[in-house]
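Below is one structure, written out as structure tokens; comments come after it.
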Amino acid sequence: MTEIPTHGAATRVVRGACPHDCPDTCALRITVVEGRAIKVQGDPEHPTTHGALCTKVSRYTERTYHAERVLHPLRRVGAKGEGRFERVSWEAALGEIAERLGAIAARDPEAIVPYSYAGTMGLLQGESMDRRFFHRLGASLLARTICSTAGGEALAATYGGKLGMHVEHFAESRLILVWGSNSIASNLHFWTYAQQAKRAGAKLICIDPRKTETADKCHQHIALLPGTDGALALGLMHELVVNDWLDQDYIERYTEGWPKLRARALEWPPERVAAVCGITAGEVRQLARDVGTTQPAAIRANYGLQRVHGGGNAVRLISILPCLTGAWRHRAGGFLLSSSGMIPADRAALQRPDLLGARRPRTINMVQIGDALLADSSPDFGPKIEAIVVYNSNPVAVAPDSARVARGFEREDLFTVVLEHFLTDTADHADIVLPATTQLEQLDVHGSYGHTSVLINEPAIAPQGEARPNTQIFRDLAARMGYTDPCFGDSDETLARQAFGSAVPFDALRERGWWQLPRREAPFAEGGFATASGRCMIDAPGLGVPDFVANHESAQSAPELARRYPLAMISPPARNFLNSSFVNVDSLRAMEGEPLVEMHADDAAARGLSDGQRVRVFNDRGHYECRLAVGARARRGVVNGLGVWWRKLGLSGTNVNQLTSQRLTDFGGGPTFYDCLVEVQACSDAA
């Protein structure tokens, strides 16, 4: 059974899962009265969720029943970007899409591009029937890199996969480094365990350029400059070596390549690290002492630290630290960035790459969609993009260098289809908008990248209006395109049963709502990494030994640029938004107020700026107007542009991604959102 018994005949409680891009992947209980969802709560029986939800998801009914929800297919009647549409039937919308895509595919299917990411993390609605459709079509492939690929490839090179500690064991740690994570806002349930450890006497240290809400609750905050995490890790290694705080036995048994990295670390004394990171040599020495002399010691990192030029190298260096101290010998010691490698998802069964046959389409990196949409046909690039189908994403708001992204979507010769809940910045540019269901209206199954259970989401209510699940929309399109392959007839339940194969008993998953996967309590206590040798690969094939890689935009690598734009900018998410999701939920937007940039008082005084003033943040890519918040959140030399607001809900029709670049990380093809130099000045028409 998927419903929990209740006393009222017209009341049901349905088991669900949070679909959003967060490591917690909470188990939900949705209360439905006479067909209407009235409450979304955390499942108290799920060991990680333990009944608690973030503010955003606890208000999910407000999003589902929002007055501005798209409930019918729409066809554009105004200019691209105006957001003017007329209602059409599903028959007419599907017919037009099939006709336009069919004509383009007859010339070159690679001129069609799918664009999606983690608007839902569900394996069905996020990466099943859609992939089958585009594989059968032969469309361009999409490198889905906008969040985590640098860190993910770093873990694969070092540990053999996205593997790490079990989150609940942080409660037993004696030292926790919260590295590049505002856990209170973006990893709430880890923070619960960290607080348990703190109450038991553990020391908590936050390493982050911004003084986050999480930093407020830690014993110490180390406010390093953006993109210098790798230098700090090398400095810690230097001190571990010179003070003999190494577990030589663990290093010899379970790592490969340490002598080369040891020599490199000895080039990074605390004074050099301090100069690069913008901290003190004393902070480096004390942090190294804490790491080297405290057991069990654990590191919880998040993906913000790898959104810079050297992000992949930084993750490799940090992930090696617990191998040097032997922290992995303890179940409450080690490192966690992502545990998604423990999830036995059968993506080949869901996505069916075999439908490509012998075709090998080009791959478009989603980080560089602005340049891709503005590129002409060429031997290197391939055909000009003639059509784009967007779902589970809002690229006009969330992709970097958004002025170029918007220009690309404004092309009159670009056929754009958007599957959405609302008329977002991207949907405003669509030729056809198709109404998609929300999580409360669809079946899905979920893994996690922060714990080791899988979950099912049962539809709690009927689809609102004429909304359809993504799976059904792509089935319908496949039928319209004349695709008769049996796989397009798979129902959502069939897909759900395929998702984990025999690794998860589906009926038991459906009965309970979640299923705990088997695991090792101290996964790398005796090596056993997922690499070919079973060892931590310090000297990784194809990558060598990791090193500090400076930001693209810094005084070190671009001194002339830094003279014109002397402030480093990071753009962490606003606490009540998740990327661009929830921005249009009135109660959550009211909590955020207006788009903000945070600045240190010394930097504000040097520019004659004051708290609450309307300011212009700018660089060569564009400008962004917002309110200035002067205070302790920002360190000297760094401003924090909180995101990601929809452009049309901003103060001047832009958002913080007007300033970020399409440059990529050192490996993994990831974004460099936090590798960005700007200047700030008062608006001439400040309100």
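The values are calculated or read from the model by the stated rules, or taken from the named source; none is laboratory data. If you're wondering where the values come from, they're calculated on a predicted model, not measured in any experiment. Methodologically, a virtual Cβ is constructed for each residue, glycine included, from the backbone with ideal geometry; neighbour enumeration extends over all protein chains shown. Calculation scope for accessible area: heavy atoms of the full protein, side chains included, ligands and nucleic acids excluded. Shrake-Rupley method; radii C 1.70, N 1.55, O 1.52, S 1.80 Å.
Rounded if a/c is under 1.5, else prolate if a/b is larger than b/c, else oblate: which is region 393-483, with a ≥ b ≥ c the root eigenvalues of its Cα gyration tensor?
It comes out oblate by the Cα gyration axes.
What residues have an amide H closer than 5 Å to that of Ile299, excluding those fewer than 5 places away on the same chain, when H is modeled at 1.01 Å from N in the peptide plane?
Leu177, Gly334, Phe335, Leu336
Looking at region 530-687, I'd like the Rg to Rh ratio, where Rg is from alpha-carbon atoms and Rh is Kirkwood's inverse mean 1/r.
That ratio is 1.06, to two decimals.
How many angstrom lie between the C-alpha centres of region 650-672 and region 308-372?
Region 650-672 and region 308-372 have Cα centres separated by 20 Å.
Accessible area, 1.4 Å probe, largest first: how do Tyr117, Tyr193, Tyr391 sort?
On the way: Tyr117 55, Tyr193 25, Tyr391 0 Å².
I get Tyr117, Tyr193, Tyr391, largest accessible area first.
Using modelled backbone amide H atoms (1.01 Å from N, in-plane), which distant-in-sequence or interchain residues come within less than 5 Å of His46's amide H?
Gly51
I'd like the accessible area for Val445, computed on protein heavy atoms only with a 1.4 Å probe and all protein chains in place. Round to 10 Å², please.
0 Å²
Once a ≥ b ≥ c are taken as the square roots of the eigenvalues of the Cα gyration tensor of region 435-492, is the result rounded (a/c under 1.5), prolate (a/b larger than b/c) or oblate (a/b not larger than b/c)?
Oblate shape, in that a/c is at least 1.5 and b/c is the bigger or equal ratio.
Roughly speaking, what % of Cα-Cα pairs in the chain are separated by over 41 Å, rounded to a whole number?
For the chain, the fraction of Cα-Cα distances above 41 Å is 27 percent.
If you roll a 1.4 angstrom probe over the protein chains with everything in place, what fraction of the accessible area of the chain belongs to carbon and sulfur, to the nearest %?
Whole-percent figure for carbon plus sulfur exposure: 49.
For the chain, find the longest principal axis of its Cα atoms and tell me its angle to the long axis of helix 149-159, 0 to 90°, nearest 10.
Compared with the principal axis, the helix lies near 50 degrees.
What is the spin-label model distance, in nm, from Gln220 to Ser652 if the labels are put 7 Å beyond Cα along the C-beta direction?
My value for the distance between the label points is 4.1 nm.
Under a plain spin-label model, where a point goes 7 Å from the Cα along Cα-to-Cβ, how far apart in nm are Arg84 and Ala106?
About 3.2 nm separates the two model spin labels.
In Å², and per residue, what accessible area does the chain have when probed at 1.4 Å with the other protein chains present? Intermediate values should be presented prior to the final figure.
Details: 23470 Å² over 687 residues.
Ligands and nucleic acids excluded, the figure is 34 Å² per residue.
Just to check I understand the Karplus step: with θ = phi - 60° and J = 6.51 cos²θ - 1.76 cosθ + 1.60, what whole-Hz values come out for region 109-123, glycine and proline as x?
Going residue by residue, I get x, 6, 6, 9, 10, x, 9, 8, 8, 10, x, 10, 8, x, 6 Hz, with x marking Gly and Pro.
For Arg468, what residues show an amide H to amide H distance below 5 Å, using hydrogens built from the backbone and excluding near sequence neighbours?
Those lying under 5 Å, H to H, from Arg468 are Ala436, Thr437.
Quick one: Karplus J couplings for region 15-23, per residue in order, coefficients 6.51, -1.76, 1.60, θ = phi - 60°, nearest Hz, x for Gly and Pro?
7, x, 9, 5, x, 8, 7, 8, x
Heads up, I need the accessible area for Leu287: 1.4 angstrom probe, whole protein in place, Å², nearest 10.
The accessible area comes out at roughly 0 Å².
Over the alpha-carbon set of region 72-163, divide Rg by the Kirkwood Rh and report the Rg/Rh ratio to two decimals.
Taking Rg over the Kirkwood Rh, I get 1.09.
By the gyration tensor of its Cα atoms, with a ≥ b ≥ c the square roots of the eigenvalues, what is the shape of region 623-687: rounded for a/c under 1.5, prolate for a/b over b/c, or oblate? All intermediate terms of the calculation are to be shown ahead of the outcome.
Numbers: a/c = 2.29, a/b = 1.45, b/c = 1.57.
Oblate is the answer for region 623-687, as a/c is 1.5 or above yet b/c matches or exceeds a/b.
Calculated FRET efficiency, Ala200 and Ala263, Cβ-Cβ r, R0 45 Å, to nearest 0.05?
Using R0 = 45 Å, I get an efficiency of 0.70.
Note down the accessible area of Trp515, probe 1.4 Å, to the nearest 10 Å².
Solvent-accessible area, nearest 10 Å²: 80 Å².
Can you give the % of DSSP beta bridges in the chain that are antiparallel, to the nearest 5?
Values: 44 of 88 bridges.
So the antiparallel bridges amount to about 50 percent of the total.
So what are the ³J(HN,Hα) numbers for region 609-617, from phi and the Karplus equation (6.51, -1.76, 1.60; θ = phi - 60°), rounded to whole Hz, Gly and Pro as x?
Whole-Hz 3J(HN,Hα) from phi for region 609-617: 9, 10, 4, x, 6, 7, 10, 10, 9.
Could you give the Stokes-Einstein D for region 4-161 in µm² per second, using the C-alpha Kirkwood radius, 10 °C, 1.306 mPa s? Don't jump to the answer; show the numbers that get you there.
On the way: Rh = 19.7 Å.
Answer, rounded: 81 µm²/s.
Mind listing which GluC sites (Glu not before Pro) in region 228-306 are in a DSSP loop and have 15 or fewer other Cβ atoms within 10 Å?
Glu267
Label-point separation (nm) for Arg362 and Asp602, each offset 7 Å from Cα along Cα-to-Cβ?
4.8 nm
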